1. Return yes when Val31 is among the aliphatic types (A, V, I, L, M) and more than 20 Å from Ser127 (Cα to Cα) and no when it is not.
2. State which residue pairs qualify: first residue closer than 15 Å to Ser94 by Cβ and buried (at least 24 other Cβ atoms within 10 Å of the Cβ) and inside the stretch 44-55, second residue modelled with pLDDT of 95 or more and among the polar types (S, T, N, Q) in any location, beta carbons under 9 Å apart, and separation of 6 or more residues or different chains.
3. Any residue that is crowded, with 23+ Cβ neighbours inside 10 Å, in a helix (DSSP H, G or I) and among the polar types (S, T, N, Q) - is there at least one of those in the stretch 111-124?
4. Restricting to the stretch 1-28, and then to whatever is under 21 Å from Ser127 (Cβ atoms) and over 17 Å from the mean Cα position of the chain (by Cα), can you tell me which residue is surrounded by the fewest Cβ atoms within 10 Å (Cβ to Cβ)?
5. Looking only at the stretch 174-191, count how many residues are charged (D, E, K, R) and either over 17 Å from His84 (Cα atoms) or touching a residue at least 12 places away in the same chain (Cβ under 8 Å) (or both).
6. Being within 17 Å of Met34 (Cα to Cα), assigned to a loop (DSSP other than H, G, I, E, B) and not hydrophobic (A, V, I, L, M, F, W, C), is that true of even one residue in the stretch 154-176?
7. Select, from Thr154, Thr143, the only residue that is surrounded by fewer than 20 Cβ atoms within 10 Å (Cβ to Cβ), in contact (Cβ under 8 Å) with a residue 24 or more places away in the chain, more than 19 Å from Gln19 (Cβ to Cβ) and of a type in the set (S, T, N, Q).
8. Which numbered condition trips up Arg170, out of (1) surrounded by fewer than 17 Cβ atoms within 10 Å (Cβ to Cβ); (2) touching a residue at least 40 places away in the same chain (Cβ under 8 Å); (3) not aliphatic (A, V, I, L, M)?
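The values are calculated or read from the model by the stated rules, or taken from the named source; none is laboratory data. Because the structure is a prediction, the values reported are computed rather than measured. Cβ sites come from the backbone with ideal geometry, for glycine too, and all protein chains shown count toward neighbours.
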Amino acid sequence: MISVNQPLRTQVVQWLQQQVPASRLSHILRVEEMATQLALQHGLDAARAAQAGIMHDLAKNFKPQQLIDLARSHDLFIDPVMAHNPHLLHADVSAIVAQQEFGVTDQEILGAIAHHTLGFPGMSPLSCVVFLADSLEPGRGDTDELNHLRQVSTENLSTAVWMNCDYTLRYLLENRRVIHPRVVETRNWFLRLGN
């Protein structure tokens, strides 16, 4: 049985309803659900996965300057890619908000929130679950490739992470978007696990 802190979850959902559009909240709830399912499939703590899932996008709709200011006030390193695209800071800043607004102290949950967008070399299985749930939740689409990635995510987290990074990199390249080096570093770290 999953032991979810229901009062905290209710508080987070109410807070999110004031911060993000309904479409974003729907995505967040789907990530929570998929992260919970993946955690159960991989023998991880489903309640912690659910908590990280429901909090992963707390700062998603923060304005660029707000993201930069919060990151700087907590001594987060802002590299040139993040300075050019502050939206990439929303994962790290969401972890800060989880601490400040909701009193989260569990470092693994905070790490899963912080790493859900770019990943991180050597990130924990819990972080892998939230990273994958964010990219693969059902609202992201119903293509053969996405469905294959969803299947792999139920079988092997490490393989799913590097394959998901490949999928993201192809999208970024095809759309001439800036690529943060941490996506490549995450991909390489998890690819080496399988070789």
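1. no
2. Once the first residue is closer than 15 Å to Ser94 by Cβ and buried (at least 24 other Cβ atoms within 10 Å of the Cβ) and sits in the stretch 44-55, its partners that are modelled with pLDDT of 95 or more and among the polar types (S, T, N, Q) give Ala52/Ser127; Gly53/Thr36; Met55/Ser94.
3. For the stretch 111-124, residues crowded, with 23+ Cβ neighbours inside 10 Å, in a helix (DSSP H, G or I) and among the polar types (S, T, N, Q): absent.
4. Ser3
5. We begin by selecting, within the stretch 174-191, every residue charged (D, E, K, R); these are 174, 176-177, 182, 185, 187.
Remaining after also requiring either over 17 Å from His84 (Cα atoms) or touching a residue at least 12 places away in the same chain (Cβ under 8 Å) (or both): 174, 182, 185, 187.
Residues meeting the conditions: 4.
6. Yes: the stretch 154-176 contains one or more residues that are within 17 Å of Met34 (Cα to Cα), assigned to a loop (DSSP other than H, G, I, E, B) and not hydrophobic (A, V, I, L, M, F, W, C).
7. Going through Thr154, Thr143 in turn, just one is surrounded by fewer than 20 Cβ atoms within 10 Å (Cβ to Cβ), in contact (Cβ under 8 Å) with a residue 24 or more places away in the chain, more than 19 Å from Gln19 (Cβ to Cβ) and of a type in the set (S, T, N, Q): Thr154.
8. (2)
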